[in-house]
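One structure below.
The values are calculated or read from the model by the stated rules, or taken from the named source; none is laboratory data. None of the values given here were measured: they were computed from a predicted structure. Positions of Cβ are backbone-derived with ideal geometry, glycine not excepted, and every protein chain shown enters the neighbour counts.
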Amino acid sequence: MIRSKECFKCKTIKCLSEFYKHAQMLDGHLNKCKECTKLDVNKHRTENIERIREYDKRRSQLPERKRHNAMVNKAWRSEDIRRQRAHNKVRAALCNGTLTRGLCCRCGSEKSVAHHEDYDKPLDVMWLCQPCHKQRHKELKEEF
């Protein structure tokens with residue numbers, strides 16, 4: 001049984017687990033490694049961002065997508081009620097002026113969102129841009 005193969009793009013021999021599964025290929029795996037595939041996908045997305053955003057927007061309006069998103073949101077809200085309350089308090093504080101949106105505390109981006117380290121302290125937030133916010137949650141997940 002074949003346990004490794006060569007990526008046609010980077011010409012590196014890698015373990016089969018480094019290739020995405022693909023039913024139409026003879027060995028059941030794509031001929032391009034995961035790393036090369038990700039690079040190509042990111043390049044394509046960057047070069048065609050407007051067209052892809054338009055596609056994503058149309059796709060998000062499909063009934064099955066709306067149902068799925070509603071289900072995910074409902075589950076997210078019910079997981080920890082403190083989280084929803086904290087978000088609501090931040091929104092209200094921003095509206096009434098008791099809290100002002102800051103720059104991302106990591107990279108200085110103007111587009112920032114409130115991040116709670118502790119949902120029991122709803123107005124104690126750090127402002128992070130979306131990529132830094134995602135990274136922070138990744139760090140917290142690794143800590144636990």
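Some points to look at:
- Of all residues making up the range 99-125, the number that are out of contact with any strand residue (DSSP E or B) (no Cβ under 9 Å at 6 or more places or on another chain), more than 12 Å from Arg83 (Cβ to Cβ) and either of a type in the set (Ser, Thr, Tyr) or surrounded by 16 or more Cβ atoms within 10 Å (Cβ to Cβ) (or both): 1
- Residue within the range 54-70 that is small (Gly, Ala, Ser) and farther than 30 Å from Glu6 by Cα present: yes
- Candidates Asn31, Asn42, Asn48 - the one that is in contact with a Phe, Trp or Tyr (Cβ under 8 Å, 6 or more places away or on another chain), closer than 30 Å to Lys14 by Cβ and among the polar types (S, T, N, Q): Asn31
- Filtering Leu30, Leu103, Leu99, Leu39 for residues that are in contact with a Leu (Cβ under 7 Å, 6 or more places away or on another chain) and either closer than 30 Å to Cys132 by Cα or outside the structural domain of Trp127 (by TED's automatic domain parsing) (or both) leaves a single hit, Leu99.
- The range 1-19 residues that are exposed (fewer than 14 other Cβ atoms within 10 Å of the Cβ), paired with ones that are modelled with pLDDT under 95 and among the acidic types (Asp, Glu) (beta carbon under 9 Å, 6 or more apart): Ile2/Asp27
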